[in-house]
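Peer 1: Supplied in structure tokens, the structure appears directly below.
The values are calculated or read from the model by the stated rules, or taken from the named source; none is laboratory data. Only a predicted model underlies this, so the values are computations on that prediction, with no experimental measurement involved. Here the Cβ is made from the backbone with ideal geometry for all residues, glycine too, and neighbour counts use every protein chain on show.
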2 protein chains.
Amino acid sequence: MNGAQSLLQTLVNCDVEVCFGNPGTSEMHFVAALDSVPQMRSVLCLFEGVVTGAADGYGRVAGKPAATLLHLGPGLANGLANLHNARRASTPLVNIVGDHATYHLQYDAPLTSDIVGFARPVSAWIHESKSADAVAADAARAVQAARSAPGCVSTLILPADTAWNEAQRAEQKLPDLLPTPVSSAAVDAAARLLSNGRKTALLLRGAALYGAGLEAAGRVQAKTGARLLCDTFAPHAELGAGRVPVERIPYFAEQIVDFLKEIEQIFVGAKPPVSFFAYPGKPSWCVPEGSHLSYLAHAHQDGAQALAALAEHAGRSSRSPVRIPLQLPELPGGPLTALGVAQVIAMTPDNAIFADESATASFALLSTMARARPHTHLPLTGGSIGQGLPLAVGAALAAPGRKVICPHGDGGAAYTMQALWTMAREKLDVTTVIYANRSYAILNIELRACRRDRQRSGRNVDARSAQPGNELDENRRRSRRRVQPCDDM
Amino acid sequence: MNGAQSLLQTLVNCDVEVCFGNPGTSEMHFVAALDSVPQMRSVLCLFEGVVTGAADGYGRVAGKPAATLLHLGPGLANGLANLHNARRASTPLVNIVGDHATYHLQYDAPLTSDIVGFARPVSAWIHESKSADAVAADAARAVQAARSAPGCVSTLILPADTAWNEAQRAEQKLPDLLPTPVSSAAVDAAARLLSNGRKTALLLRGAALYGAGLEAAGRVQAKTGARLLCDTFAPHAELGAGRVPVERIPYFAEQIVDFLKEIEQIFVGAKPPVSFFAYPGKPSWCVPEGSHLSYLAHAHQDGAQALAALAEHAGRSSRSPVRIPLQLPELPGGPLTALGVAQVIAMTPDNAIFADESATASFALLSTMARARPHTHLPLTGGSIGQGLPLAVGAALAAPGRKVICPHGDGGAAYTMQALWTMAREKLDVTTVIYANRSYAILNIELRACRRDRQRSGRNVDARSAQPGNELDENRRRSRRRVQPCDDM
């Protein structure tokens, strides 16, 4: 057995069954080792952004990590944007990066780079194996780290000679580091606050947005009247008919302020609501002034358990949790609009998974989908576009029996369209819908707002060029072409 | 004037005329500021790998930096692989990355990340502007850093409020930090070594591979008989008829060893020759044992000046420099092969620029092009695939009157095909040739070698599965599909 074989066998022993890869020469011995570990499903992607986005989608749906296989620092670099998204989604993910042989690094060959430096901003755990014999134990530890609550990206760097040199054996799975239970004192304190008559919201995260966690949240809501909220881009939510309804925090700062304005106390699962971007003269921090903020459960704690305990604590109530009713839209006629597309998508059968990067079309899509059949929603949590298509690849591999829908803006789709190849090659049941408005539509909205603000503040350069024939006109026309007019999508 | 306008005016004052961008919301004020600085040509790219690769191509051909405009950490992350290539090519490049407003960072909104961390492995200079008033001076310094010999990536991080807040003024260009001349004592010492009768090679880098530097190298060669060599992926070389011939170091370790075996002393411009990757049982360090290694000029020194001084020092000689003769191939007939494609490409008119990512097809291409009309050659210096198409974009913008040819493997082309959109939009004179062998052909070669090595060493897992019906067979077939059989390309 060589180091590469010990790696793959250890990953399989640790319940890692899928490896998304875009290997190169320094990873050839890992590729060759796949011959001897048939339990590992290897999925080739034609760009590393697809590799890491697919591993994120797999981890969100399967609740356990897939592995990646990336080619040195530059291969990792191409996958970083979707690792950023995975980090923001707290997805369990074992990120494996090949490197030059340990003795080759000193020569600074062209592909040599600071892999740890690239990996640090996205990784909660990083380690570089020092020898073939160490690879198995390192891999077991990488899986354990990735599975630690609430889930994270762990990066294991494997020099080429740790693959081809002989190794003693594979390792078994290490125990999971389970989420900490929330103490009964903390639950008592929360229950007291929930009965103080203030207008209260629970900002749900992680496992509180699906399954038993969501059900428990519904019981707390029924008993206390608290509003249930989730982040604009909550990484994994169960939506649609029969589910407990959760209000999604809107995108723009002024909308968030309006949305939260009557709230007097908020329980958070992780971070309080803030605006996605800063804008001149608008708030970043969107919690109403004077309102009370508490943690119910920290990110490493068991939020679903805390909600269940809280529901129990609040005693019996005759009210049962609210449920979303099924309300399918009419099939649309007339011209193709974002709303019309949403009305068609809303006909999707039960239990579908939406890998959603619908961008500006999401306003119409989410409202139309709200009362559609039950489904799982996986949005672009970290805001780095080009994730939806890879996410769909990973989701489809994690849940072979379920329909995957991928509604996607064309701007983001142009980033990682290589995912379509893997969908075809692996015969995945993914329906991709590209909103082809030939524009970064969100930037048209933002640029208009930016120019309007400058006009208001009297610092507007456009005003100078309002007369016909002004020398800036041509340049402005060119600069406007940069972010083209959006249609109704 | 706001910070964004002071930035753009300063860049123009510093002779930065082109900005390749893929901006987002946090960069909208920079986009709006383009209205007021018409001297800056803004080129939209639909993926950041295209942005940074195009800036590399521009810098290599123009000999001065273009700017990028990237969207926070994830936007930078998508551009890192081609910044790695630019770093390896010592390309002058001003890499501008937008960030959240200074006061917004504390809230850790979804797109927040460690931008400095991402940038460090590829940047020789990094700075984050602290206020709108500081932006102009920071930008002037960033350009100065990028232009410092031999050229580098300088990264300037600009929080959104440094764009929209008021600034006092733009700044003027700072003096260039010129390359250090090589001392006459060093030239004397080199001249003595060159006359000691040993078999000598000059490994040329940077400006020694084009223009006056290459001419001077030719004169040294004529007078001393030293061989002239360049790296396998020398970033910028002038090739073809009429030029001084330079021998290119081959790719594989065993080829390099054979290529250098008679050399007794080597003068290097930067690093001694090493193999691109390590392989079990093969050398990484390819300099013949016992041979003498000297620097003629370090990377920050003026290698072209040193060669000119050396040519002068060696005294008069009746021999003039060798020149490459023009020898155009016959137009090919029969089936389409890598050689046939090369024979057609070799008909390209005078003074073309080759943005070359022909990968395994380069063996046929480079030998056929050797005696073609004079041209400039820009290869994939850092080894991170997906650079050729963006490089062609930048080269075409830097040299509008010259034909740009982009011979490209399909594996790498799938990485940054978004460049085709910018070529069309900017009406660039680029002819792209994709070698569509539907394979990572180099990996087929490497995987075959890797399996052969394991067979030889008796550790071969394939041997176990050679009998029909072996349970590994199906998995092996699947794993083989991953890197498909290559044809003659």
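Peer 1: Scan region A:164-182 and tell me whether some residue there is among the β-branched types (Val, Ile, Thr), outside any helix (DSSP H, G or I) and more than 14 Å from chain B (Cβ to nearest Cβ).
Peer 2: Looking through region A:164-182, at least one residue is among the β-branched types (Val, Ile, Thr), outside any helix (DSSP H, G or I) and more than 14 Å from chain B (Cβ to nearest Cβ).
Peer 1: While we're on this one: Quick check, is A:VAL12 aliphatic (A, V, I, L, M), under 16 Å from A:ASN95 (Cα atoms) and outside the structural domain of A:LEU389 (by TED's automatic domain parsing)?
Peer 2: Considered against the rule, which asks whether it is aliphatic (A, V, I, L, M), under 16 Å from A:ASN95 (Cα atoms) and outside the structural domain of A:LEU389 (by TED's automatic domain parsing), A:VAL12 comes out as yes.
Peer 1: Can you find, within region B:27-61, the residue that is nearest to B:PRO179 (Cα to Cα) among those that are facing chain A (nearest Cβ under 10 Å) and either among the charged types (D, E, K, R) or out of contact with any helix residue (DSSP H, G or I) (no Cβ under 8 Å at 6 or more places or on another chain) (or both)?
Peer 2: B:ARG41
Peer 1: Go through (1) under 24 Å from A:SER284 (Cβ atoms); (2) buried (at least 21 other Cβ atoms within 10 Å of the Cβ); (3) over 23 Å from the mean Cα position of the chain (by Cα) and name the single condition A:ARG227 misses.
Peer 2: All conditions pass for A:ARG227, except number (2).
Peer 1: Examine region A:23-38 for a residue that is over 26 Å from B:PHE276 (Cα atoms) and either assigned to a strand (DSSP E or B) or in contact with a strand residue (DSSP E or B) (Cβ under 8 Å, 6 or more places away or on another chain) (or both), and state whether such a residue exists.
Peer 2: No, that holds for no residue.
Peer 1: Considering region A:194-221 alone, what residues qualify as being at pLDDT 95 or above, over 22 Å from A:ALA89 (Cα atoms) and of a type in the set (A, V, I, L, M, F, W, C)?
Peer 2: Answer for region A:194-221, where residues must be at pLDDT 95 or above, over 22 Å from A:ALA89 (Cα atoms) and of a type in the set (A, V, I, L, M, F, W, C): just A:VAL220.
Peer 1: Hey, can you tell me all the residues within region A:91-101 that are assigned to a loop (DSSP other than H, G, I, E, B), more than 9 Å from chain B (Cβ to nearest Cβ) and either without any contact (Cβ under 8 Å) to a residue 24 or more places away in the chain or within 15 Å of A:ILE157 (Cα to Cα) (or both)?
Peer 2: Those that are assigned to a loop (DSSP other than H, G, I, E, B), more than 9 Å from chain B (Cβ to nearest Cβ) and either without any contact (Cβ under 8 Å) to a residue 24 or more places away in the chain or within 15 Å of A:ILE157 (Cα to Cα) (or both): none in region A:91-101.
Peer 1: When residues of region A:62-87 are filtered for being within 9 Å of another protein chain (Cβ to nearest Cβ) and surrounded by fewer than 24 Cβ atoms within 10 Å (Cβ to Cβ), how many remain?
Peer 2: Of the residues in region A:62-87, 1 are within 9 Å of another protein chain (Cβ to nearest Cβ) and surrounded by fewer than 24 Cβ atoms within 10 Å (Cβ to Cβ).
Peer 1: If B:VAL268 satisfies every condition in (1) among the aliphatic types (A, V, I, L, M); (2) within 14 Å of chain A (Cβ to nearest Cβ); (3) closer than 25 Å to A:THR25 by Cα but one, which is the exception?
Peer 2: (3)
Peer 1: Does A:LEU366 satisfy the condition of being surrounded by fewer than 22 Cβ atoms within 10 Å (Cβ to Cβ), at pLDDT 95 or above and assigned to a loop (DSSP other than H, G, I, E, B)?
Peer 2: No.
Peer 1: Let me ask you something else. If I ask for residues that are in a loop (DSSP other than H, G, I, E, B) and away from chain B (no Cβ under 12 Å), which ones from region A:427-460 would you list?
Peer 2: Of everything in region A:427-460, those that are in a loop (DSSP other than H, G, I, E, B) and away from chain B (no Cβ under 12 Å) turn out to be A:LYS427, A:LEU428, A:ASP429, A:ALA436, A:ASN437.
Peer 1: Limited to region B:113-130, what total is found for residues that are assigned to a loop (DSSP other than H, G, I, E, B) and either at the interface with chain A (Cβ under 9 Å from one of its Cβ atoms) or in contact (Cβ under 8 Å) with a residue 60 or more places away in the chain (or both)?
Peer 2: Keep residues of region B:113-130 that are assigned to a loop (DSSP other than H, G, I, E, B), which gives B:113-114, B:123-124, B:129-130.
Subset that is either at the interface with chain A (Cβ under 9 Å from one of its Cβ atoms) or in contact (Cβ under 8 Å) with a residue 60 or more places away in the chain (or both): B:113-114, B:129.
The number of residues fulfilling the criteria is 3.
Peer 1: Would you mind telling me which numbered condition in (1) surrounded by fewer than 23 Cβ atoms within 10 Å (Cβ to Cβ); (2) closer than 22 Å to A:GLU238 by Cβ A:LEU380 fails?
Peer 2: The single condition A:LEU380 does not satisfy is (1).
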